[in-house]
Amino acid sequence: MPALPISNSMATGKVTEVRRVTLLSAALLLAMGILVMCSIASAADEGPPRIKDVKFSPARPETGGLVKLRISLEGSASRADVKVFKNDEEVQSSLYDGISEYLELGNRFKAGDKLKVEVVPIDSGGTVGRSVTKEIEIANAPPTAKLVDQKLTGTSYTARIESTDPEGDPISFAVKQGPSGFAVDQKGNLKWNVGEATGTFPIEISIKDSHGAEVILSYSIGLRREQGRSGP
């Protein structure tokens, strides 16, 4: 059986298709090349990776408080390597992603600890910029205070302040504001002979540790008389 001849139109169609594919591939490669060149040019325009600013939050961290780091990048920096030192001993190594508002350093620090961070900027290509170092000392925290066990027995008002100090320092109590005769002892016990008093009485108690860190406990006592009885 004789072979069928290949028509010129079929052959031409195949050649045209191959040429189109080739031209399309070349165009894609050219576009990718342009994008890469633009990316390189953009990075060059931005300059080397740099740290604009590093700040602790809060600005005065205290014992047991959560310490965070706010890092601002500039130039071609897209992320940063962060090392944390407590009293010159490295305690943490983290990567800041360049997006999050803060990098958390934890709450394992106490008064007197010297905290240092070393931040190294890095660009998307892995180029490392000049490091920035910041230091801060953890401050003494004031005592905590909570009012409990309020009672009025006859004309005798009593209550108690539960208080602890984060560093374990001794605590002292003092009345800053209160009615005549209102008193607090150095164990946090409150007492007052209300007598015939009625109305609202604002109270302020100062709770201090031995380093002078202070917290003020504020509340009010309301007294009214109904059918010969009185109550807070």
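See the values below:
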item: Under-5 Å amide H pairs with residue 203, H placed in peptide plane, nonlocal only; result: 219, 220, 221
item: At R0 = 41 Å, FRET efficiency that the Cβ-Cβ distance of residue 198 and residue 60 yields, to 0.05; result: 0.40
item: Sequence-distant residues sharing a close amide H with residue 63 (under 5 Å, placed H); result: 111, 139, 141
item: Pairwise label distance in nanometres, residue 97 with residue 155, each label 7 Å out on the Cα-Cβ vector; result: 6.7 nm
item: Only Lys, Arg (+1) and Asp, Glu (-1) charged, at Cβ; the stretch 144-231 dipole about Cα centre in debye; result: 500 debye
item: Residue-wise HN-Hα coupling along the stretch 75-84, computed from phi with Karplus coefficients 6.51, -1.76, 1.60 (Hz; x: Gly, Pro); result: x, 8, 5, 10, 7, 8, 8, 10, 10, 10
item: Once the Cα gyration tensor of the stretch 58-135 is diagonalised, semi-axes √(5λ) in Å; result: 24, 13, 9
item: Rounded to the nearest 20 debye, dipole of the stretch 50-137 from Cβ charges on Lys, Arg, Asp, Glu; result: 160 debye
item: Diffusion constant of the stretch 47-98 at 4 °C, which comes from Stokes-Einstein with the Kirkwood Cα-pair radius and 1.567 mPa s, µm²/s; result: 105 µm²/s
item: Built amide H within the under 5 Å cut-off of residue 68, gap 5+; result: 57, 105
item: Spatial extent of the stretch 144-231: Rg and Dmax, with the Cα atoms as the point set, Å; result: 14.1, 49
item: Unit charges on C-beta of K, R, D, E only; dipole of the stretch 71-112, Debye; result: 180 debye
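Rule-based calculations on the coordinates, nothing more; no lab input. A quick note: this is a predicted structure, and the numbers were derived from the prediction, not measured. Positions of Cβ are backbone-derived with ideal geometry, glycine not excepted, and every protein chain shown enters the neighbour counts.
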